[in-house]
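Enquirer: Questions regarding the structure given below will be posed in turn.
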Amino acid sequence: MENYKTHVFENLDFADLPVTGDTLVLGHKIMLADNFDAPLDERDVSRFMLSPYPFKLNFNVTMLCTRGLVHVRLNLIEYDLQENDVLIALPGSIGECLSFSEDYQMAVMVYPEDVQFDGGDTALALTFRNFLNRQPVLHLNGKEMEEVLTLYHLMRKKISQPANRLTHEILDCYLKLLCLSGYQWLIDHDKEMEEKEASDRKHFIFNRFISLVQKHYAQQREISFYADKMCLTPKYLSIVVREASGRYAKEWIKDYVVLEAKVLLRSRKYTAQQVGDMLHFPNASFFGKYFKAATGCTPKEYMKE
């Protein structure tokens, strides 16, 4: 079987993001956009905010909602962003922006996958990434949001100025401060989350299950694999996931696999057989039957739509 890498196909990139008068871009280093002064033009919004199909991110995204409501779906789970909410989407996330209220205000910060900071504490950085995989939306208090917006405006100011020898280094420092702020939110909120999860074991198991599925769905589709990882029986895991989410574990696994397949097929860079190989199906026929059972059409029919 050939070895194909899912991250090489055309994902949502800097060039696909909406560019308005309020958007600032510094090469492939960082992009900042907001509609604080005026609403975004609807035509620009439709390309990114209201994409008719899911897109896979190959960069980091931080969305700051300061007013109104934005309804998004990230990795098959839906979230409502309201005032003082922050969404942090990591590279590899599959997302959709479903709708937004007329009065919404938001700032978006985009920076490449290779821009990562550990803040001097690699263990804390890994903990934060795991936390975001479970809980990508954080609600900040007024002072916390004010601090983040201050960093955002400082970055805008620096990008707006004529570039000099230290521009990139200064922006790196601002991004590091933003990262450290995220670690502080984790420290402040993690205890509360642990207490909440400990009081509700079903949701704790469900969150753990989803985290594992996000890591392994391309290689593993059997419930037994995830149950073994969690030291549970497949039957018990399926029951708990059903009670916590209203859906069976196998349905969650299937939806992740099918969503990835749709993104790969829509890229039109691979044949249906190659997509089946990338998702570790034994052969093209098995992949075709799996995909059709879930969507009602074959992979080739989906590519022609």
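The values are calculated or read from the model by the stated rules, or taken from the named source; none is laboratory data. It should be emphasised that the depicted structure is a prediction, and the values quoted were computed from it without experimental measurement. When we count neighbours, we look across all protein chains shown, and the Cβ atoms used for this are built from the backbone with ideal geometry, even at glycine.
Enquirer: Kindly indicate whether Met278 is in contact (Cβ under 8 Å) with a residue 40 or more places away in the chain and in contact with a Leu (Cβ under 7 Å, 6 or more places away or on another chain).
Expert: yes
Enquirer: Taking the stated definitions as given, is Gly120 in a loop (DSSP other than H, G, I, E, B), modelled with pLDDT of 80 or more, assigned by TED's automatic domain parsing to the domain that holds Leu171 and not β-branched (Val, Ile, Thr)?
Expert: Taking the combined requirement at face value, the residue does not satisfy it.
Enquirer: Looking at segment 153-171 only, could you name the residues that are in contact (Cβ under 8 Å) with a residue 40 or more places away in the chain and either within 27 Å of the chain's Cα centre (by Cα) or surrounded by 15 or more Cβ atoms within 10 Å (Cβ to Cβ) (or both)?
Expert: Met155, Arg156, Ile159, Thr167, His168, Leu171
Enquirer: If you take the residues of segment 261-293 that are β-branched (Val, Ile, Thr) and closer than 21 Å to Lys215 by Cβ, which of them is modelled with the lowest pLDDT?
Expert: Val263
Okay, residues lined up against (1) assigned to a helix (DSSP H, G or I); (2) modelled with pLDDT of 85 or more; (3) in contact with a helix residue (DSSP H, G or I) (Cβ under 6 Å, 6 or more places away or on another chain); (4) surrounded by fewer than 17 Cβ atoms within 10 Å (Cβ to Cβ):
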position	(1), (2), (3), (4)
Val72	no, yes, no, no
Leu87	no, yes, no, no
Pro91	no, no, no, yes
Val108	no, yes, no, no
Tyr111	no, no, no, no
Leu126	yes, no, no, yes
Leu138	no, yes, yes, no
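Enquirer: Report, ordered by the first and then the second residue, all pairs with beta carbons closer than 8 Å, sequence separation of six or more or different chains, a first member in segment 69-91 that is assigned by TED's automatic domain parsing to the domain that holds Leu132 and within 10 Å of Met106 (Cα to Cα), and a second member that is among the charged types (D, E, K, R) and part of a strand (DSSP E or B).
Expert: Partner pairs satisfying both residue conditions: Leu69/Asp80; Val70/Asp80; Glu83/Arg67.
Enquirer: Those residues that are among the hydroxyl-bearing types (Ser, Thr, Tyr) and more than 20 Å from the chain's Cα centre (by Cα), I need them from segment 206-236; list them, please.
Expert: Across segment 206-236, the qualifying residues are Ser224, Tyr226, Thr233, Tyr236.
Enquirer: Restricting to segment 35-61, count the residues that are modelled with pLDDT of 75 or more and either crowded, with 20+ Cβ neighbours inside 10 Å or more than 14 Å from the chain's Cα centre (by Cα) (or both).
Expert: 7
Enquirer: Is it the case that segment 253-264 has a residue that's in the same structural domain as Gln214 (by TED's automatic domain parsing) and on the phi > 0 side of the Ramachandran plot?
Expert: no
Enquirer: Within segment 249-305, restricting attention to residues that are part of a loop (DSSP other than H, G, I, E, B) and of a type in the set (D, E, K, R), which residue is surrounded by the fewest Cβ atoms within 10 Å (Cβ to Cβ)?
Expert: Glu305
Enquirer: Pairs please, first residue from segment 212-226 and part of a loop (DSSP other than H, G, I, E, B), second anywhere and surrounded by fewer than 17 Cβ atoms within 10 Å (Cβ to Cβ), Cβ atoms under 6 Å, 6+ apart in sequence or on different chains.
Expert: Partner pairs satisfying both residue conditions: Gln219/His280.
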